[in-house]
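Encoded as C-alpha cells, the structure appears first; notes follow it.
Just so it is clear, none of the values below were taken in a lab; they were calculated from the coordinates. Values in this document were obtained by computation on a predicted structure and should not be read as measured data. Neighbour counts run over all protein chains shown; Cβ positions are idealised from the backbone, glycine included.
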Amino acid sequence: MILLIYTSKVSSRLYYILNLVFREMMEIEYEITNEVQTFQNYQGPKLNYSSKVFNDEPFISAHQILFESGIHQQRTDTTEYQGIPVLFASNQPASLPYDPLAAAFFMVSRYEEYLPFRGDSYGRFRGERSIAYKKSFHFIPVVNHYVEHIKQLLHHYYPSMRFGARSYQFILTYDIDIAYSFLEKGAMRSQGALLKALITGDKDFIETRKKVLTGKMPDPYDTFDYQFYLNNKYQVYPIYFFHLGDYGTNDKSIPWTSERLQNLIRDINNRYLTGLHPSFASNSKFKLLGLEIDRLNAITGKPTIRSRQHYIMLKFPDTYNILTSIGINDDYSMGYHNILGFRAGICTPFHFYDINREEQTSLRIHPFCAMDSTLHHQLNLTSETALEEVKQYVDEVRKVNGTFTFIAHNNLIGAQSEFAGWSTQFEELIKYAKE
C-alpha cells in the first residue's frame, strides 16, 4: 500500500526527511505529487503536506524550512502534543498542531549548529546552548515521537495501513583512549611521570607503578578481561574505537607501534567490531586522519569504516565530509560531551544531510545519549546516581523502540578506577539495558 504525499514544491530537504521518516523509520513506501487532481483522485492512503486544505484527508501545514536553501534564523515556536514538546507549531487548522517533518529535519540535520554559536575552549557546541536543552526536552528522543505522531495520524484515517515493527536495541561501545596506565608508555614518558610523582610526593602513584611494572598487580587501565567477561555474560557485542594518534597535548594514547597494543587490537578485532578514534590533532591536521586510518588498517588487515571523534569534536558539516572522503561509512559521535541527551533528538541511525551542499550523504550516523566520562568528569555524579540517570535514558529509548547506545572507557570501569564504584554499577547498567 503506497502512501501518496501532495506537496506544492519539492526539494532535496523534503526528499531526505520523507525517506528517513517513511522508508527508514516507518518502513512504508510513498510517492510524491504536486498535481492536485492526481492527489484528489487517488484512492489509497494519502497525506497533504502543503499550505492549503483540500478535502478531509490528513493535512500537515508545511513550514518553509524544507523548501529553503542555506541557513537562516528560524522561529521554532514550540508547543506540546501528547505530552511531547514539539517545534514549528502551526497557526492554522491542521491534523497536527505542528509540522513534524520540519521539526525532524531541524533536529537531525543539526541546523542550529550551522548558525553562529559561542563554543567551549575547544570550539565545541555545548549541550546547554541547544534548543532542546533550553526547552527541557534534550532527554527525550523527540524525532522518534514525531514519527509516532504521523503514524497515529495515518492509522486514524487508514486503519488498514501496516507499518514496520522496529524493536529496541542496546549497543555498547568502548573508546580506548589510553589502553594502559603504566605499561607501554616508553622510557621518556614513564620517567617523566615518575619524576613528577617524586616532586609532588605522590606515594600511591609510585607504589602502584612499581607493582605494575614488576608484575605484582595488573595495570589499572587493563580492564579488557573484565570487558570480555561482561560481554559474554550478557551476550553483548560491543564496538571498540582505538586511538592511534601520535602523542600530544590532548592525545595521550599508547604508541601505536607497541606490540602489546597491536596484539590487543587484533584480539578484539577477531571478536568484535572495531573502528578508529581519530586523534584530537587530526581535527586541525587532516593528513593525520588518513595516517591513523592506515595504521588501524595495517593492524587489523581490514578496511576501517567506523569512527568516533576523540573529545566528541564535531564541526558541521566539515567533520563528517572529511570522514566520508577517507572511507568512513558509519560514525558514532552524535552526542554531547558535557551533558546527557539526544543531540539530534533521535535514537535511530540516520544518514547525514549536508546543508551546505543540500544533499544527503552516504555517511550513516549512530547517535549516543550517555557516556561514562560525562557522568564522572562533567556531571560529578556518584556511581549510584549515575546508574539511575542512565536508566532513565534507557527507558526513554525503550518507549519508542529505538537504539540505546552507551560509551564506556576502559580506564573508568576497573576496580581501581577513579570513578569509585562504577565497575559494579556498569555491570548493572549492561544488565538493565539488555533486559
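Data for the structure
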read-out: Proxy reagent accessibility, fewest Cβ within 10 Å first, across Ser362, Ser61; value: Ser362, Ser61
read-out: Candidate values [x] 22.2; [y] 26.3; [z] 18.9, label of the one derived for mean projected area of the Cα convex hull in nm²; value: [x]
read-out: In degrees, nearest ten, helix 259-271 long axis to first principal axis of the chain (Cα); value: 40 degrees
read-out: Counted charge near Phe22, where neighbours are those whose Cβ lies closer than 11 Å (Asp, Glu -1; Lys, Arg +1); value: -2
read-out: Trypsin sites (Lys or Arg not before Pro) within the range 94-153: DSSP coil, no more than 14 neighbouring Cβ in 10 Å; value: Arg118, Lys135
read-out: Net charge contributed by nearby residues that have their C-beta within less than 14 Å of Lys233 (K/R +1, D/E -1); value: -2
read-out: Between 0 and 90°, nearest 10: helix 422-434 axis offset from the chain longest Cα axis; value: 30 degrees
read-out: Cβ-derived FRET efficiency at R0 60 Å, His155 paired with Lys315, nearest 0.05; value: 0.90
read-out: Separation in nanometres of the label points that stand 7 Å from Cα toward Cβ, at Arg75 and Glu24; value: 3.0 nm
read-out: Shape of the range 3-157, Cα gyration tensor, a/c cut at 1.5; value: prolate
read-out: Inter-label distance for Arg364 and Glu384, nm, one decimal - labels placed 7 Å from Cα along Cα-to-Cβ; value: 4.1 nm
read-out: Note, ³J(HN,Hα) from phi for the range 93-105, Karplus 6.51, -1.76, 1.60, rounded to Hz, x at Gly and Pro; value: x, 7, 5, 10, x, 7, 9, x, 6, 5, 4, 5, 5
read-out: Inter-label distance for Val53 and Gln37, nm, one decimal - labels placed 7 Å from Cα along Cα-to-Cβ; value: 2.5 nm
read-out: Where chymotrypsin sites (Phe, Trp or Tyr not before Pro) in DSSP loops with at most 13 other Cβ within 10 Å are excluded, longest remaining stretch of the chain; value: 123-435
read-out: For the chain, built as a Gaussian network whose Cα springs stay under 10 Å, the top-fluctuating residue of Arg75, Arg308, Arg295; value: Arg75
read-out: For the chain, built as a Gaussian network whose Cα springs stay under 10 Å, the top-fluctuating residue of Gly290, Gly83, Gly335; value: Gly83
read-out: Under 5 Å, built H, 5+ apart or other chain: amide partners of Tyr98; value: Ser90
read-out: Amide H within-cut-off set for Tyr81, under 5 Å, with H built and near neighbours excluded; value: Val86
read-out: Nearest 10 degrees, 0 to 90: helix 187-200 Cα axis against the chain principal axis; value: 80 degrees
read-out: Computed lengthening from Asp267 to Ala415, 0.36 nm per intervening residue step minus Cα-Cα distance; value: 51.0 nm
read-out: Amide H contacts under 5 Å for Ile239, placed H, 5+ residues apart; value: Leu172, Thr173, Tyr174
read-out: Backbone HN-Hα couplings from phi across the range 163-169 [Karplus 6.51/-1.76/1.60, Hz, Gly and Pro as x]; value: 10, x, 9, 7, 10, 4, 9
read-out: Using θ = phi - 60° and Karplus 6.51 cos²θ - 1.76 cosθ + 1.60, couplings along the range 41-47 (whole Hz; Gly, Pro as x); value: 7, 5, 9, x, x, 8, 9
read-out: DSSP bridge pairs, the range 3-157: antiparallel proportion in percent, nearest 5; value: 30 percent
